[in-house]
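Below is one structure; the comments refer to it alone.
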Amino acid sequence: MSVVDAQIGAIQAPAGLVPRLDPPKVLMVHPLFMAGSFWSFETTSQMYGAEYPMPPLGLATVAAMLPPEWDVRIMDRNIEEVTEADILAVDLVMTGGMLPQRIDLMHMIDWAQSLGKKVCVGGPDIMSTPSAYEHVDFLVVGEAESVIDQFIEAWRAGSEGARFDAEKFKADVTASPIPRFDLLNRPKYLQMTVQYSRGCPFMCEFCDIIELFGRKPRTKTNEQILEELQAIYDLGYRGHVNFVDDNLIGNKKAIKGFLPHLIKWQEDHGNPFDFSTEASLNLADDSDLMTMMSKAGFLGVFIGIESPDPDVLKATQKKQNTKRDIAQSVHRVYEHGMSVLAGFIVGFDEEKGAVGDAVADLIEEAAIPVAMVGLLYALPETQLSRRLEKEGRMYPQMSFEDATRFGTVDQCTLGLNFDTQRPREEILKDFRTVVARSYTPEAYHKRVRRMTDLMKFEHANLDSMRSGVVKNLVFVVRLCWALGIVAKDGKRLYWGTLLHGLKKGSAAFDAVFLSLAAYAHLGPFSKTVLKAIDARIEEGRSGRDAAAATASVPVLAAE
């Protein structure tokens, strides 16, 4: 395809292009996530000597698609400061991100352009709302694998601007290169990341994954993902690796074919990594699959549960969660040595009366320590947002100034960007009930102990100190000091839960310790959430929330 054919939309290159002869210097910038997120885990990361949970895998992947002679640098504004000198030193700024990064992404675009630099932008938020980025020099809408060669051709030809639209759901992930892990500031992150598949087979109304990446999961080859793990290994990293798939088991046949190779690779390399991922609840139906995951070194899985009410689940097209007992399904995952983190949502149209206690009861019954509870947010270009727009119930986007006055910027407190069926105050109170009940020290420690009692460990003999004896011992000391000595409440519970884990053996102790490490962030964060939600309730009572609730900030705690 020619450069001219690739230029779609309002931005067009002028005639008489002057080719760019020298390989460019490229600065790839990962924008800030808005502060106050459930998933930021700042305190836990700092205790471990890191600064942020995960690196920008998307930028590292795109960096690997660029010509090898291009001089590429990745900077992550979540862990380091980008200066004017950094921008002035390059020819091209490449950036992009998700919805929670939009404010800083827009700032970076404006800043770079004001300094006379060309900017290329892509990523999930651009895929959802390309109209917001029409002022960018080079706009990549869709998965980069399909159009990156067109962008490179346009740049070399001297184009001043172009838009590249990738055909949806058509990118060949088997052609995706090994990410440039070498460009990442690895010591600054709590974990490393890889991606095995894109897409999810289900139809959840509120989910944007199926809109962005399709319902037919596309997987990398076994050799391909093992090469990515080998690249991380060769750089000297040992420790936790997160498979960032939106549903690792979306293609069960493929993942079952891959896991034996992963188990062997782990054994051949002395089990250098342990893993986590996201999967659907039907994982619990497949004992063979869970056994293989456990033996490969998977220690935890995030599962979207959303609601205990079958009518709500059916209405929101999450029918896969209605075909099995939710608490028993979670327990089956525990029986295979994997902990469960879960997502819950309050604010669905079909909720009948107060639902807060029912959600909190399920969290307790299932013994899920880390439960991400959010207010329903209608993401752009989802079935939910289209339905609400058709019904005339969607609100315009909230400004950053309005968002920050609640004290936190997170889906936990700033969902409900639409006219709700139930009174808004009732929904906010339900949400408050779930958080208040679930994150007291007593409730949290009770769930951790019960989870430990339910867990059986079949995974590989993972060395919890493999990432460094001194580093891990410092982490233990810092956590014990924070939760067991200087904490205002829960000190006895902390030591009691540690002892409970020790009695169950070393594998159980690791699961307990990681859950307690998460509480170092979640305990204080839950108090921030309660304070923010109380402010929203009070504003609603005073009549001021009518203006504030005409929108919701573009943030999402978990994509």
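The values are calculated or read from the model by the stated rules, or taken from the named source; none is laboratory data. Since the structure is predicted, the reported quantities are computational estimates derived from the model, not experimental observations. Every residue, glycine as well, gets a Cβ built from its backbone with ideal geometry; the counts of neighbours run over all protein chains shown.
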Would a scan of the range 94-111 turn up a residue that is more than 29 Å from Arg386 (Cβ to Cβ), out of contact with any Cys (no Cβ under 6 Å at 6 or more places or on another chain) and either not in a helix (DSSP H, G or I) or not assigned by TED's automatic domain parsing to the domain that holds Asp22 (or both)?
no
Would you call Phe431 more than 15 Å from Val370 (Cβ to Cβ), in a helix (DSSP H, G or I), of a type in the set (Phe, Trp, Tyr) and modelled with pLDDT of 95 or more?
yes
State all residues of the range 257-310 that are surrounded by fewer than 20 Cβ atoms within 10 Å (Cβ to Cβ) and β-branched (Val, Ile, Thr); if no residue qualifies, say none.
Ile263, Thr291
Please specify each residue of the range 292-313 satisfying the condition of being under 25 Å from the mean Cα position of the chain (by Cα) and either part of a helix (DSSP H, G or I) or over 29 Å from Tyr377 (Cα atoms) (or both).
Met292, Met293, Ser294, Lys295, Ala296, Gly297, Phe298, Leu299, Val312, Leu313
Which numbered condition Thr174 misses (of (1) buried (at least 19 other Cβ atoms within 10 Å of the Cβ); (2) outside the structural domain of Phe41 (by TED's automatic domain parsing); (3) of a type in the set (Val, Ile, Thr))
(1)
Answer from Glu228, Glu211, Glu223 - the residue that is in a helix (DSSP H, G or I), touching a strand residue (DSSP E or B) at 6+ places or on another chain (Cβ under 9 Å) and outside the structural domain of Glu143 (by TED's automatic domain parsing)
Glu228
Considering only residues that are modelled with pLDDT of 95 or more and hydrophobic (A, V, I, L, M, F, W, C), look in the range 208-228 and name the one that is farthest from Glu306 (Cα to Cα).
Leu226
Listed residues Ser506, Ser515; which is over 30 Å from Thr129 (Cβ atoms) and at pLDDT below 90?
Ser506
Going through the range 21-33 in order, the residues found to be farther than 16 Å from Met372 by Cβ and not acidic (Asp, Glu) are Leu21, Pro23, Pro24, Lys25, Val26, Leu27, Met28, Val29, His30, Pro31, Leu32
Being assigned to a loop (DSSP other than H, G, I, E, B), aliphatic (A, V, I, L, M) and touching a strand residue (DSSP E or B) at 6+ places or on another chain (Cβ under 9 Å) is true for just one of Val136, Val140. Which residue is that?
Val136
Could you tell me which residue of the range 338-365 is farthest from Leu212 (Cα to Cα), considering only residues that are part of a strand (DSSP E or B) and out of contact with any Asp or Glu (no Cβ under 7 Å at 6 or more places or on another chain)?
Ser339
Tell me, yes or no, whether the range 450-460 has at least one residue that is among the β-branched types (Val, Ile, Thr), farther than 30 Å from Asp234 by Cβ and modelled with pLDDT of 95 or more.
no
Please work out which one of (1) under 21 Å from Ile209 (Cα atoms); (2) in contact (Cβ under 8 Å) with a residue 40 or more places away in the chain; (3) among the basic types (Lys, Arg) is the condition Lys314 fails and give its number.
(2)
In this structure, is Ile368 assigned to a loop (DSSP other than H, G, I, E, B), touching a helix residue (DSSP H, G or I) at 6+ places or on another chain (Cβ under 7 Å), at pLDDT 95 or above and of a type in the set (A, V, I, L, M)?
yes
Selection from the range 480-510 of residues that are in contact (Cβ under 8 Å) with a residue 60 or more places away in the chain and farther than 20 Å from Met455 by Cβ:
Ala482
Hey, Leu27 hits all of (1) in contact with an Asp or Glu (Cβ under 8 Å, 6 or more places away or on another chain); (2) surrounded by 19 or more Cβ atoms within 10 Å (Cβ to Cβ); (3) in a loop (DSSP other than H, G, I, E, B); (4) not polar (S, T, N, Q) but one; which does it fall short on?
(3)
The residue that is nearest to Phe206 (Cα to Cα), considering only those in the range 344-393 that are in contact (Cβ under 8 Å) with a residue 60 or more places away in the chain and of a type in the set (Ser, Thr, Tyr), is Thr382
Please go through the range 93-137 and give me each residue that is farther than 19 Å from Val82 by Cβ, hydroxyl-bearing (Ser, Thr, Tyr) and surrounded by fewer than 20 Cβ atoms within 10 Å (Cβ to Cβ), ordered by number.
Thr129, Ser131
